[in-house]
Structures are given as C-alpha cells and as structure tokens.
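One structure is given below, encoded as structure tokens.
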Amino acid sequence: MSKGSHTRTLALLFGFSFLYAPIALLVIYSFNASRLVTVWGGFSTRWYVSLLENDQLIASAWMSLRVAFMSALLATVVGTCAAIALTRFGRFRGRLVFSSMIYAPLVMPEVITGLSLLLLFVALDIPRGFWTVVVAHATLGMCFVAVVVHARLVTLDRSLEEAAMDLGATPGRALMSVTLPLAAPSILAGYGLAFILSIDDLVIASFTSGPGSTTLPMRIYSQVRLGVTPEINAISTLLIAGVALVLVLGLALGLTERRQRA
Amino acid sequence: MSAAPLIALENVTKRYGAVTAVDDVSLEIGAGEFFALLGPSGCGKTSLMRLIAGFETPDAGRILIDGQDMAHMPPHARPVNMMFQSYALFPHMSVARNIGFGLVQAGMPRAMIEARVQELLRLVQLEGLGARRPDQLSGGQKQRVALARALARKPRLVLLDEPLGALDRKLREETQFELMRLQRELGAAFMLVTHDQDEAMVMAQRIGVMQAGRIVQAGTARDIYERPASRFVAGFIGEANIFEGVVERVEAGLCSVRLKSGALVETSCPCASGQSVTIAVRPERMLLELMHDDGAANLAGVLLDSAYRGDRQTAQVRLDDGAIVRVARSGFEAASSPERGAKVSLSFAPQAAWVLPE
Amino acid sequence: MKARRSLAERLVLGAPWAWLIVFFLIPFLIVVKISLSEAALAQPPYKPVFDLGDGWEALSKLGELSLSAYAGLADDWLYAQAYLSSLRLAFVSTLCTLALAYPLAYAMARAPLRLRPILVTLAVAPFWTSFLIRVYAWITILRDEGLLNHALLWLGLIAEPLHIFASDAAVVIGIVYSYLPFMVLPLYNAIARQPPELLEAAADLGASPTAAFWRVTVPLSMPGVLAGCLLVFIPAIGEFVIPDLLGGSDTLMIGRTLWVEFFDNRDWPAASAVAVVLLALLLGPMALYERSQMAEAGS
C-alpha cells in the first residue's frame, strides 16, 4: 500500500530468509549423492540408508530420547510447583533468592552449569550416567517451565479461583480443578520446551554423562569435529522434520482450539 | 454560515469491507464553531473524525480544509489536532514534553516551547505538574494534558473524540463548561464526537446526528429537539411519544388527525387533508389528568408507573389500545401524584405535536 | 498474618526450593571450593581441601586454601585475552543481532493482526531445532569451498574465495544466527503492545512517520531492547559450541578455554577458577536481566 509497508515486507523477507536459508540448504544437501558436501551430485537417499546402519548413532539417539523424556517430566513437575509458589504464595521468605535462582539458568553460560553439576556429582561420589544427565537437564528445564507457566498464571483471573473457593472448594481443590486446567496449555508448552532443551544440549551433557550414556548431540559433535559428512546432514534433516511435525501439530491444535472457543 | 467554511466534506464515503462506515456525508463547519457529532456507537462518527484527521482515506468524496483538498495530505501535515479518547499520552515523556511534542515537530526554538508549555499548563490549570509522568496523573489531569497537547500548535480545528468518556459524572459536568470557555477564548473550531446527547446539547452550537454512516440531521440543539427530522432522531435525542394517523380535516392552520386507536388529536404543523402522518410529542408536553367520572376522553388509559426523580416526575400510561405513553412533569408541580392503576386522560396542545417529515 | 501452610502447600514450595539448592546453589559453592584447590595427578584430579566431612576441624584447614589457580589466571596473559575477546565478540554480536532483529521485529509487530501469530511462530521455530545443527549448517556455507563462496564466485562478485570460516567473523555470524530469536521476541513484544493511537497522536501533532518512529516507537521499545541484548550478550560470552565449530584456532573465547582446561588439560581447579571469574563478570548483567524480567512479570 504505502512506502512503509514495502520496506516492512522487505524486512520480513530478509529476516526470515536469513533464519531459514541455512536450514533449507542443510536439508537439500542431505539428499546429495556426492560425498563432497558442497558439490551437488544428484538426488540420493544413500545417507539415510547409511544412518540406519550406524548402530552407535541410533543408540545415542535412543539415549537422548530417554533422557529428554525423563528430564522434561521432572522439570515439568518441579517447575510447575515453582510457578505456583511464585504466583500464589505471596511474599514468602526468600522469594527474591528463589526467583533469582529461577531466572539465572535461563542466561547462565552452559559451561558453568555443566561444570558445577559435574563437580557436585563427583563430590557426592555419584557415578555419571543416564541419571546424572537427567538431573542436570531437569535443573535447566524446570526454570524454563517455571517461567512459561508463571507467565500464564499471572494472567489468569484470580477471581476464578476465589469463585471456586466461594462455592466450597478448598484452596488445593480450587487450584487442581480450576487453575491447573486453565494453565494446562502452558504446562504442555513447558514440557515441550524442556524436552527440546534436553534433546539439543551438548555442553551440559558432555560434562555430566559417563561412558555408555553418550547423547545424540555428543555423537554428532564428535563426528563434526572429524569433518563434515552428508550423514550428519541426514540426521539433522530427520531431527528438523521431527520438530517441524510437532510444531505444525501444535499450531493446528492451537488454531482449532481457538476456532472452537470463538 | 459565513462565506468560506473552515472544513467542508463533500459526499465523503468510507467502507470497511462490506460495512459502509461513512455513507455519502456532506458537512460544513465554520471557523470558530463548536460542532458536535452525536450518534450511537457504531454509527460512523469516529470514522468520520479519523477521516478529517487523516488517519483514514475516504473511498469517495473530498475533504477540504480552508478550501484546500486534503486528499494527499498526511495527518502530520494537516492543520488539525485531535484529542484521543484514550488520551494517547506518551508514557515515556513528562507532561511538559507531551504538551511540547507538536511544537518540537514544528521546529520552534526551545525557549519559546518552554514558554508556550507553561502558558498551556496555566490554561488547563496544571501549573507545577509539568515534570510528572502521565502514569502519575489522575484521569481528569490526563484529560487536561491531552487537551493542552492538542491545543499547543494553535490548530484551526480541534477534534475531540469522546473527551469526557473516562471521567466521572461530576467532573464531566465541570469539564464541559471548561471546554466551552476554552473554545470561546481560543476562537478555534471544536468538533466533538460523543454518544451523550446532554454533552452535545450543553456544549455545541450545532449538532450533527449520525445514524448508520449518514448525518440524518444537523442543526442547533433546539432545532433538533423540537423539530426532529426522523423517528430515530426524535427517539435518540430525548424521549418522544409517537402517534400514527391520517389527517381528517384542515381548518385555520390546525390539522385534525384521526389516530389508529380512533382518537382525534390536533397539530399546528402544516399538513394536507388525507395525508398519513407520524406525530411526535415530548413527554413533558403531555398533560395528564385524573378521570373523575366515567366520561370518555380522547386518549384514555391506566397509570402503569410513576417515579419521582427530583427535578421532575415521570409516568408511564398504557392507553386503551395498548400503546405505552411517557409523561413528565416538573417535580415541583407533582406534589400529589395519582395512584398506580388510576384511570387517567392525556392530551397535548396542537403546538406540541410535531409531524415528522417522513 | 497468613495461616500456617498446609502440607500440600509446603510440598509445592519445598520441592523446587530443595531442587534449586541441591542442584544449583551447592554446585556453585563446590566450584568455588575447587577453584581454591591445587591441581594434582589424581582421581579426581585435584587435592581436596576444606572437606565438609571434617566438621569444625575443616576451619583449621582454612590456611591450606590455595590461590594457585587464580594466580595462574593472573599470570597467563592468555586468560585475560580470552575474557576480553569473549566480551568483545559478544558485544559486537549483540549489536549485529539488534541491527538485524529490530527491522524484523518491527515489521512483525506492524503486520496484520491475523498474520502475527504465524510470524511469531516462524521467528521462534528455529530455536526449537537443534542449536548444534544450526551452527553446523554454517560450516557448509562459510567454508572456503563452501556454498557462500561458490555463489559469490559464480556471481562474479569476488575473484578469490573469502576466508570467513575459522575466523572471528564466522563466530559473530554464528552467534547472530543462533541467538536471533532471543532478540526478536522481546523486541516484538515491546513494539506490538504499544497502543496504535500513540503513533496517530504523534502524526496528529506533526511528526512524520520517521520522526514518530524515533521519538515514540524506539524509546518505548527500550525495555525490549535491553532484555533482548542481555539475553544475547550473557550466554554469548560463555559460548562454547560456536567458537569451537566456526572459530579459528586463534579465536579465543572463555567458554572454550574452560572446556579445554577441563577436558583436555584435566586441570579442574583452573577450570573452576575460570568459571568463578566468568560468573563474577556476568553478575552485573545477570542482575540487570533478572530485574527487567521480574518487572515484566510483575506488571
């Protein structure tokens, strides 16, 4: 329409191309027949086939999924508790310290978090393995869950809970039957976020995992260090496709829900 | 109105999709005039104001300010300033910087801006509050800052979008008189958008009544109240009792109208014999009497309800044909009121019966 | 006063408290403690001091605390350089991210209302895909024989391949790319929630669209700018993956230094000391970030 709207369209095009072009190239070259990553040698799915034969990679992918599932579960339970405490318990003692500890890991460099957790496990003489990675990821994840759920809880009308109590519900019942169902989408989003953080994480897992608990990012990292191979493009494409699927499903779910409400 | 109007709208139309918000509106506002655009919500009055300010472009028609076509004039170049319904004060600027914003844009030297801002603060009685932030002000103070900001550039026309909507009743009434004083002192034209008929009648010299995108009547408050152009105007500004009938006979300037109920009433409005007419009578011009005997009356009915409202007393009467008629008397006169259920007769003078030009 | 909390309430409050104390607070104290130990060829590879198991006797061992790890940090010019270069790269990257994110966030916030949820999802979606993979994608693009150079050579814009890969520039590109969603989101929120009448009021008072942008939109988006910059700057300082995969052998960043001390040199006290100093550096920005976040949550 106006000059301004052209500039804005341009900004959108440029910004989103920058965000998506590298990912698109990665996906395209995963179907490259040539071993040379930058030379197009025709369409092929050979790298996907060779993935299936890579037992180590499959084992670490399975490990990552298990870690992510468990750690996100823990993170969601503890993080939701933290969000409830932040929103509903008023000015309890140590609230500032509490909320500082919730917000800090969001920006804390991963090397510090990883190192400190490792040193804890060593000090407690806990052998490193599946559970140490789960605990480490849950610690990071719970903070994200707490922030996401807290953001939703503060927007909820307090009088809904008060109405429930007025109608004879105990505070606990009111929370379980009114507040949590309303916050459920954000709790689900929190779980998804914690899951993704865990699946993605390289640094914290490198510190806290032991022999036999190598996660997928650790495996990919060690392969990347040895050199770029189309096989990594293939596994990356599969991961991206998985995330895209979940996102599209979530978006569709959100849209239908909104339509039903309207 | 004088030769050249300040603002002239010529057949202006604005559509949003299938909705025609402003429908073929033509209107003139003179320099120094206080004009009110009155209508229910959704009638297009805010759209019309936004067209004048330049936030929207008309789909058809022209808007002229001082004879100059505004078609390609962006809002920031128009000699018009607006006071927003939400006030739209810049939250990151002090009161003084809010008021001075337009002057900075005009490139006025700093010292002059400061002097002008002080002058405006005095004008709206906010001396000493220049350093405050908008969120430290009360609703009434914010309203004054918004007004001062709109006045700062000495615009020829000030647009006021529901300026008193957020104020409580008492403050609203005080502010009405204050706005009128300011308008007289400054000599600028004010255009007020409101859905409140009292506000429009108190403040404006001329009122334009809008309905469904059209200006259905424009005139003084007295014109509109006493000679409404349509049933809608009669009902929107004040209350009106509507009677439908056919003119039976015209004699010495008086028309006798046979109503559907069979009653015969008179009006002094010019009519032709045999014409179907719609008559509007204001409640305060209805006369109510108790029927002592069982003699027949022209408009007979039963008193449904009456209420004492201090300055006046209102009553509802159900006529024998089922129609409900509202009656009002001054509270002082209504020392004794008939009881609910009493049989009453109603009448009105021929001069009180206005034939709607439909 | 409030009534005593029920058992359920105490559990809801106690669980996250306990978790944070055990897995967040205590680990830091251990890092500090080990940074005060001496490296040793042992398993674990440091000489334990100040063991809490010793009870009060531990206090008598206070004198054994060793500052050797910190002395090592101070002696070796390389550490100081790594800190400085981390700060510099994080700062430059933050500015570049802001420059790229602002137009994007602005265009998103001014897009038609029904498009906005889709645009926000599009802007955030890359964050949901693996960080490692997104950094990896740039290796193929930036290498001397990579896609960017191929394209530029083919277009005839350059005669020789650009050496971007394995340099500080590649690290900056990697950080900008990886952290862009973190900048876009707070900026978008800060711009989208501005009432549209403010811009109309500015226009009404004679401000051209450009003037209104600089005098109204930009100042009002400052909280978003601050939050976005901190959200990029703080983690970028300690970044490991990006300098390791995209940087050159001479790219010094403190996250990488810590990693090397720990995994390659097995010098745990040195790694801990690096972490403690890094944390001390970040304390100011982190406090600033937390305050802005809590103000946001409170409002």
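Descriptive notes on the structure:
- Linear extension gain, A:Arg95 paired with A:Ala241, 0.36 nm per residue minus alpha-carbon span: 48.4 nm
- The slack in the chain from B:Glu114 to B:Asp69, taken as 0.36 nm per residue of separation less the alpha-carbon distance, amounts to 12.8 nm.
- The fewest-to-most ranking of A:Val97, C:Val277, B:Val257 by surrounding Cβ atoms within 10 Å reads A:Val97, C:Val277, B:Val257.
- Test item: Cα-centred dipole of the protein assembly as shown, Lys/Arg +1 and Asp/Glu -1 on Cβ, debye: 360
- Ranking of B:Lys142, B:Lys170 by neighbouring Cβ atoms within 10 Å, starting from the fewest: B:Lys170, B:Lys142.
- Taken about its Cα centre, the range A:56-236 carries a charge dipole of about 240 debye when Lys and Arg each add +1 at the Cβ and Asp and Glu each add -1 at the Cβ.
- J(HN,Hα) series, the range A:145-152, from Karplus relation 6.51 cos²θ - 1.76 cosθ + 1.60, nearest Hz, glycine and proline x: 4, 4, 5, 5, 5, 4, 4, 6
- Chain B - Cys residues lacking any other Cys C-beta under 4.7 Å: B:Cys43, B:Cys269
- Radius of gyration, Dmax [the range C:114-202; alpha carbons; angstrom]: 18.2, 54
- Annotation for the range B:216-254 versus the range A:139-194: alpha-carbon center distance of 59 Å.
- With respect to chain C, whose longest principal axis is taken over its alpha-carbon atoms, helix C:268-298 is tilted by about 40°.
- Taking amide H atoms as placed 1.01 Å from N in the peptide plane, the amide H of B:Ala21 lies under 5 Å from those of B:Lys14, B:Arg15, B:Tyr16, each 5 or more residues away in sequence or on another chain.
- Against the empirical 2.2 N^0.38 Å (N residues), chain B has a Cα radius of gyration ratio of 1.21.
- Fewest-first ordering of C:His150, A:His6, B:His195, A:His137 by other beta carbons within 10 Å of each residue's beta carbon gives A:His6, C:His150, B:His195, A:His137.
- From the alpha carbon centroid of the range B:1-62 to that of the range B:129-187 is 23 Å.
- For chain A, the Rg and Dmax computed from alpha carbons only, in angstrom: 22.5, 71
- Prolate/oblate/rounded label for chain C (Cα gyration tensor, a/c 1.5): oblate
- On the beta carbon distance between B:Arg122 and B:Arg184, with R0 = 22 Å, the FRET formula returns roughly 0.85.
- Column: log10 I(q)/I(0), Debye, Cα scatterers of the protein assembly as shown, q = 0.07 Å⁻¹: -0.78
- Listed cross-link partners B:Lys45/B:Lys142; B:Lys45/B:Lys260; B:Lys142/B:Lys170 are compared with a 28 Å cut-off, the Cα-Cα value being larger for B:Lys45/B:Lys260.
- Ranking B:Thr220, B:Tyr308, B:Leu120 by Cα position along the charge dipole of chain B, where only Lys, Arg, Asp and Glu carry charges on their C-beta atoms, puts B:Leu120 farthest toward the positive end.
- Mean shadow area of the range B:241-355, taken as a quarter of the surface of its Cα convex hull (nm²): 7.1
- The range A:124-167 residues near the modelled A:Ser177 label - backbone nitrogen below 16 Å, point 7 Å along Cα→Cβ: A:160-167
FYI, it's all coordinate maths here, none of it is from the lab. Given the structure is predicted, the values throughout are model-derived calculations rather than measurements. Here the Cβ is made from the backbone with ideal geometry for all residues, glycine too, and neighbour counts use every protein chain on show.
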